[in-house]
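This report refers to the structure that appears directly beneath it.
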Amino acid sequence: MHLRLEQRIFLRSLYWQTSWNFARMQCLGLAYAIYPLLEKLYGKNSEHLAQRTRRYLVCFNTNPYLAAAILGFLVHMESQGEEMGDQGLALSGSLAGLYGALGDAFFWNGLKPMVSALAVMIFFWRPSLWALVFLLCAYNLVHFGVRYTVYLHGLHRGIGVIETINSWNLPLLRNVMEFVTTASLAVTAFLLVDYFALRGSVTSVAPFLLLLALIGWLGWRRKNLGGDRPRLLEILPVGGFVVLVCLIFF
Amino acid sequence: MWLDFSSFIWLTAKVSLVGALCALDRTAAFQIMFSRPLIAATLGGVLAGNWEIGLLIGASLELYFLSEIPVGTNIPTDDTLLALVAGGVAAALSGLSSNAMLDAKSLALVVLLAVLPWAVFTRKVDSWVRVRNARLIDEMETRLLACENASAINFHLHGILNFYGAAAVALGLMMAISLLLVPLLLLLLPAWAWPLTDRMLLLFPAAGIASLLYNMNQKRQLAVFAGVSMLLLVF
């Protein structure tokens, strides 16, 4: 396959979730990304091209970054003929579930919190635009690196991309990132003491006491009231707003 | 205390039109983290003429909604829109001579408390766009049945217009109301309450840290957190 076509399909995958919807989720993104290949293969017969494109309008949802691996795999299969393309499409549903879980855990629960926590730590250490630069550079270095590598592996090795991703041991990397996140959160809590001028015998432990109280409250809430969503995030601003209004009127 | 009418309109339009571009990064395109609150709030601040207070708001908000993740059909709070509005409003009000004596942290706190209750609204807007996007499938299928392939496939990109339009309208509404509401709160807040407000901003990063720690593997992470904190206290 031409390099230019490969790049074009990858660039189109950056718009993977542009039309995300509750009905079939990322199906249009998949069809849009793979369309240049279909056009090249079946472009001479527009009816056949339309029929092949419609085959890709199936319900599809996965992590938008690791979707590049599935896209590469589908391009690999479709290039080998319609029958192989259909087999690839049938298998892509299972891959979507697998990479959805793996990608969400690695990127949303691992990389994003780690980079955000480090960026916030940089801000509270030396408030400057370097925190922004760090956030963008560190995240995208990993994100684009993984995204493009898995795409190329899917494209050239087909189903072999599973071995590639397995060999990276993403769950282990995620655990390591969680430790880095926690350590940087501890440093941030420490830096908050200076930033908010709380240094003193009692006040310097205030952020830590506050953290313990909040974590305890979240735990109590989950145990006694159920539900996984941390309602604290909604109660705090609304509660704070009410307190503000009370301060004004009483 | 309030912005003059032309500045009010100009700033609202600027934040909603430019900010909605930034909000596209959240779901519709790229996802290169340009939509994180740290960057979005700074952008809001830049548009309103004071990036420093925008950056402070961004750092306070960055960890706050991080534990809500977009898994499956779960729609998390759109912290990009909240950050853009908070950064824009705080920067605009910090430039007024009547607020010149106001501490940046106090202003940031009041703005955040006024803006964050919009969280529920942002989730509704996001859901609305995703419901509306489902129409694009029917449009595309109709075109494909008519063998108009090239125009059919581009229906996917119409999703950008849906996301952009919804974000621009939501930002405009939130900006306009917040620009009217926050000066009123600043005006009405009693003088004795002011000394408390600058340190109260601590609540936001602290709540963000707490919810992140809570969502991780609790016992192990709490042990690491306690260990690192002890090391820092000792050295």
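The values are calculated or read from the model by the stated rules, or taken from the named source; none is laboratory data. Predicted model only: the values in this text are computed from it and were never measured. With ideal geometry, Cβ positions are generated from the backbone for all residues, glycine too; neighbour counts draw on all protein chains shown. Side chains are part of the model used for accessible areas, which takes the heavy atoms of the whole protein and leaves out ligands, DNA and RNA. Shrake-Rupley method; radii C 1.70, N 1.55, O 1.52, S 1.80 Å.
Based on protein heavy atoms only, the protein assembly as shown ends up with 41 Å² per residue of surface accessible to a 1.4 Å probe.
The sum of -39500 (n - 2.57) across all DSSP H runs of n ≥ 4, divided by the residue count of chain B, sets its helix-only mean residue ellipticity at 222 nm to -24000 deg cm²/dmol. Between B:220, B:123, B:26, find the one with the highest GNM mean-square fluctuation for chain B; connect C-alpha pairs within less than 10 Å. Maximum fluctuation in the GNM of chain B, among the listed residues, is at B:220. 3J(HN,Hα) along the stretch B:37-51: x, 4, 7, 4, 5, 5, 4, x, x, 4, 5, 9, x, 8, 6 Hz, from the Karplus curve 6.51 cos²θ - 1.76 cosθ + 1.60 with θ = phi - 60°, whole Hz, x for Gly and Pro.
Of the residues A:92, A:167, ranked by 1.4 Å probe accessible area with the largest first, the sequence reads A:167, A:92. Normalised by residue count, the stretch A:1-123 yields a Cα convex hull volume of 114 Å³ per residue. Selection among B:165, B:38, B:100 by position relative to the dipole of chain B gives B:38 as farthest towards the positive end (Cβ unit charges, Cα centre). With the gyration tensor restricted to C-alpha atoms of the protein assembly as shown, the semi-axes of the equivalent ellipsoid amount to 43, 27, 18 Å, longest first.
Here the 3J(HN,Hα) profile of the stretch B:83-92, calculated from phi with Karplus coefficients 6.51, -1.76 and 1.60 at θ = phi - 60°, is 5, 4, 5, 4, x, x, 5, 4, 5, 5 Hz, Gly and Pro shown as x. Distance from the C-alpha centroid of the stretch B:172-235 to that of the stretch B:60-133: 14 Å, rounded to the whole angstrom.
Residues of the stretch B:187-210 that bury at least 20 Å² of accessible area once all protein chains are present, compared with their chain alone (1.4 Å probe, heavy atoms only, ligands and nucleic acids left out), are B:188, B:189, B:190, B:192, B:199, B:202, B:203, B:205, B:206, B:207, B:209, B:210.
As a calculated quantity, the FRET efficiency between residue B:150 and residue B:120 at R0 = 60 Å, using C-beta atoms, amounts to about 0.90. Pairs of C-alpha atoms in the stretch A:130-170 farther apart than 18 Å represent 37 percent of all such pairs. Applied to the stretch B:21-31, the Karplus parametrisation 6.51 cos²θ - 1.76 cosθ + 1.60 on θ = phi - 60° returns per-residue 3J(HN,Hα) values of 5, 5, 5, 4, 5, 4, 10, 5, 8, 6, 6 Hz, with x for Gly and Pro. Cross-link partners for residue B:14 among the aspartates and glutamates, with Cα-Cα distance under 17 Å and sequence neighbours closer than 8 places in the same chain left out: B:4. Within the straight-line cut-off of under 14 Å between alpha carbons, the aspartates and glutamates reachable from residue B:124 are B:78, B:79, sequence neighbours fewer than 8 places apart in one chain being disregarded. Note on chain B: Kirkwood radius taken over Cα pairs, Stokes-Einstein applied at 37 °C and 0.692 mPa s, translational D equal to 170 µm² s⁻¹.
Panel note: contact residues of the stretch B:137-152 (accessible area lowered by at least 20 Å² against the chain on its own; 1.4 Å probe) correspond to B:137, B:140, B:141, B:144, B:145, B:147, B:149. Placing dummy labels 7 Å off each Cα toward the beta-carbon, the span from residue B:2 to residue A:41 is 6.2 nm.
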